[in-house]
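Down below is the structure, laid out as structure tokens.
The values are calculated or read from the model by the stated rules, or taken from the named source; none is laboratory data. Computed from a predicted model, the values in this text were never measured in an experiment. Cβ: placed from backbone, ideal geometry, glycine included. Neighbour counts: every protein chain shown. Please note that ligands, DNA and RNA were not included when accessible areas were found on the heavy atoms of the full protein model with its side chains. Shrake-Rupley method; radii C 1.70, N 1.55, O 1.52, S 1.80 Å.
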Amino acid sequence: MLDIATLRELERLLARVAERELLPRFEHVRARTKADGSLITDADLGMQARLFDELAARWPEIALLGEEMSDDRQLCLMDECHRGLWVLDPLDGTSNFASGIPFFGVSLALLSDGVIQAGVVLDPLRGESFSALRGQGAWLNGEPLRLSGEGPGLAQAMAMVDFKRLPAPLIERLARAAPYRSQRSFGSVALDWCWLAAGRVQVYLHGGQKLWDYAAGSLVLHEAGGIGGLYEDFDEHPMSRLSLRPRIAMAATTAELFEAWRAWLGS
């Protein structure tokens, strides 16, 4: 539904709106707690509202599902996503943003017929824009992003692991006898996927991602040549279709590393 020229236009739009709605509020914002216990700020709401207007003006035929809208409205939009649907996380890493931690992003994906067709993940502080088109490749600031297909073994890998949503026995195993060299968790799921696509980390595990968390970033990784899976549960039943239910994410930069990581987690 998008070509490369239009994808670049979309990247510029996100950067322009983030410069207006996010950056002036960074380190000058108060957070509130939502019903689910997560945080929200005026930056989340301002970014979402502005992008709603900008995207509707440019692509009026495509509806938009944002993280900061009601559950009922999200469900209704998912039922109609065969007609084209933007999926937006206006501020991925709200806790970081509200705490003055400079690691957050904006994630926007385009869905059609239940398939992720395009994605952009913007890191406005670093000026990094990750993007992808299904079947056409991934880019970082317009330059091709492609993993080499080579890398360290699991014992030498850098891991990105979010412990918060993992089962207690797995947390204990990872704490006692982790199979990788070192581990990080930065607090922005969309950027997690993109840093994996850039080869900055080599293996990944997250226990509960929503559609707006993984839609754009997982496509960037796939198109960069990485291996990623989204699962219904820790028994590794593959995700059957896109939905609003949280998913388990497991990924790596190479097929060999992915299989070694899966084998360890399943042992």
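At a Förster radius of 35 Å, what calculated FRET efficiency corresponds to the Cβ-Cβ distance of ALA56 and ASP233, to the nearest 0.05? Mind dumping the intermediate values first?
Values: r = 37 Å, r/R0 = 1.05.
E between ALA56 and ASP233, to the nearest 0.05, is 0.45.
Mind listing which GluC sites (Glu not before Pro) in the range 218-263 are in a DSSP loop and have 16 or fewer other Cβ atoms within 10 Å?
GLU232, GLU236
If I stretch the segment between LEU244 and ARG8 completely, what's the gain in nm (0.36 nm per residue apart, minus their alpha carbon distance), one decimal? Present the calculation step by step, with values, prior to reporting the outcome.
On the way: separation 236, 0.36 × 236 = 84.96 nm, distance 2.77 nm.
Here the segment from LEU244 to ARG8 would lengthen by 82.2 nm.
How much length is gained on full extension from ALA178 to ASP72, taking 0.36 nm per residue of separation minus their Cα-Cα distance?
On the way: separation 106, 0.36 × 106 = 38.16 nm, distance 4.07 nm.
Taking 0.36 nm per residue and subtracting the Cα distance, the gain is 34.1 nm.
Suppose every Lys and Arg Cβ carries +1 and every Asp and Glu Cβ carries -1, with no other charges. What dipole size does the chain come out with about its Cα centre, to the nearest 20 debye? Spell out each step's value before the answer.
Details: 27 positive and 36 negative charges, 118 e Å.
Using only the charged Cβ atoms, the result is roughly 560 debye.
Of ALA118, ALA15, ALA31, which is the most mobile in a GNM of the chain whose springs link Cα atoms less than 10 angstrom apart?
Comparing ALA118, ALA15, ALA31 in a Gaussian network model of the chain, the most mobile one is ALA31.
Given the options GLY225, ASN96, LEU13, identify the residue whose Cα lies farthest towards the positive end of the charge dipole of the chain (+1 on Cβ of Lys, Arg; -1 on Cβ of Asp, Glu).
Working it through, the farthest residue towards the positive pole turns out to be ASN96.
Rounded to the nearest 0.05, what FRET efficiency do GLU143 and VAL115 give with R0 = 30 Å and r taken as the Cβ-Cβ distance? Could you check?
For GLU143 and VAL115, the calculated efficiency is 0.70.
Please quote Rg/Rh for the range 1-94 to two decimal places, taking the Kirkwood radius as Rh and restricting both calculations to Cα atoms.
Numbers: Rg = 14.1 Å, Rh = 14.4 Å.
Across the range 1-94, the Cα-based Rg/Rh ratio is 0.98.
Using a probe radius of 1.4 Å on heavy atoms only, what accessible surface per residue do you get for the range 127-261? Whole Å² is fine. Intermediate results must be reported in sequence, preceding the final value.
Working: 5690 Å² over 135 residues.
With all protein chains present, the range 127-261 gives 42 Å² per residue.
If you filter the range 104-199 for GluC sites (Glu not before Pro), then keep DSSP loop positions with at most 12 other Cβ within 10 Å, what is left?
Values: sites: GLU128, GLU150, GLU172; in loops: GLU150.
Sites meeting the loop and neighbour criteria: GLU150.
Return the tail of the calculated pair distribution for the range 140-246, meaning the percent of Cα-Cα pairs more than 16 Å apart.
More than 16 Å apart: 60 percent of the Cα pairs in the range 140-246.
Out of [x] 20.9, 68; [y] 17.7, 53; [z] 17.5, 49, which label holds the value of Rg and Dmax of the Cα atoms in Å that was computed here?
Answer by label: [y].
Could you look at the chain and say what percent of its accessible area is carbon and sulfur, using a 1.4 Å probe and all protein chains?
Carbon and sulfur: 49 percent of the exposed surface of the chain.
Divide by every residue of the chain the summed helix terms, -39500 (n - 2.57) for each DSSP H run of at least 4, and state the resulting mean residue ellipticity at 222 nm, rounded to the nearest 500 deg cm²/dmol.
When only DSSP H runs of four or more count, the value is -11000 deg cm²/dmol.
Given a 10 angstrom Cα cut-off, can you work out which residue in GLN202, GLN74, GLN156 is the most mobile in a GNM of the chain?
Greatest mean-square fluctuation among the candidates belongs to GLN156.
Taking a ≥ b ≥ c as the square roots of the eigenvalues of the Cα gyration tensor of the range 83-177, is the shape rounded (a/c under 1.5), prolate (a/b larger than b/c) or oblate?
Prolate, because a/c is 1.5 or more and a/b exceeds b/c.
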